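Structure record follows, encoded as structure tokens.
The values are calculated or read from the model by the stated rules, or taken from the named source; none is laboratory data. As the structure is a prediction and not an experimental result, all values here were calculated from the model. Methodologically, a virtual Cβ is constructed for each residue, glycine included, from the backbone with ideal geometry; neighbour enumeration extends over all protein chains shown.
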Amino acid sequence: MTTPEPAVPDRPRRSAGWRFGTPAVVLVCGALFVVSGTNSQGTDLRPGRYTSLASLTEGASRSYQDLQARADRLGAEVEQLTEQVDDAAVRKERRRAERLRGPAGLEPVSGEGVTIVMSDAPEEQIEEAVGRPDAQADVDLMVVHQQDLQAVVNALWAGGAAAVTLQGQRLVTTTGIQCSGSQVQLQGVPYPEPYTIQAVGDPDALVAALDDDADVAGFRYDALRPEVGVGWDLTEDEVEAPAYDGLLDLEVAEPRTS
């Protein structure tokens, strides 16, 4: 008697869609990798999780410097074209503009004056204060704020300063001092503390103006309190204030039609 051979079970048939779908998916993924590599140009497409505050500051500074260089080139072109204009009215306005360069802060100034350095409390002291549940008011006093810097600058102007600088940058009427996190932005560029303010002028008059300002007096009082720890240092010395080299509000000129 012959033993029947066991039946071989049928293998499940693959859907025809897999034969074409799988290669298509592989091709699409490869194309996406190529596009990502091309757009990133070798950089991380998701830099947010790795970017530090220092790199952001450096990037903003480079961007500002590039824009400033472009503005300088365009300004030089405008200046060159303006000099070629043979017009009595234009020459008159140019002479008037030259006389105003000094008061506008577009010329360097040097002479006797004062230097002020303002700084936050030591980092470990701030961290210790942050750990206390009722220390928010104390923490606020441990940091140099925009209004603290503005108070000093305003007092120096009131004391007859011929020029004022912050972090070596000349301050003019269009300059804005703004807080940006733990840093201060000046002309769009962030600067960390300590903050150095310098003014050219009669030292006695400048110091007297600082003494008479209530807001400055409040900061200086906090600087004397060990539990606050902010820094204040004032010296009288020779000061060199460079010309303002930032962007001016008026950057567009239109030809006059006769």
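A few points about this structure:
- Selection from region 145-162 of residues that are in a loop (DSSP other than H, G, I, E, B) and surrounded by 22 or more Cβ atoms within 10 Å (Cβ to Cβ): Gly159, Ala161
- Unique match (being within 25 Å of Glu238 (Cα to Cα), of a type outside the set (Asp, Glu) and surrounded by fewer than 14 Cβ atoms within 10 Å (Cβ to Cβ)) among Thr173, Thr196, Thr165: Thr173
- Any hit, region 107-120, residues being without any contact (Cβ under 8 Å) to a residue 60 or more places away in the chain and surrounded by fewer than 16 Cβ atoms within 10 Å (Cβ to Cβ): no
- Pairs meeting the criteria (first residue in region 144-172 and in the same structural domain as Glu123 (by TED's automatic domain parsing), second residue among the polar types (S, T, N, Q), beta carbons under 7 Å, at least 6 apart or on different chains) are Val144/Ser119; Gln146/Gln178; Thr165/Gln198; Gln167/Thr196; Gln169/Gln187; Leu171/Thr165.
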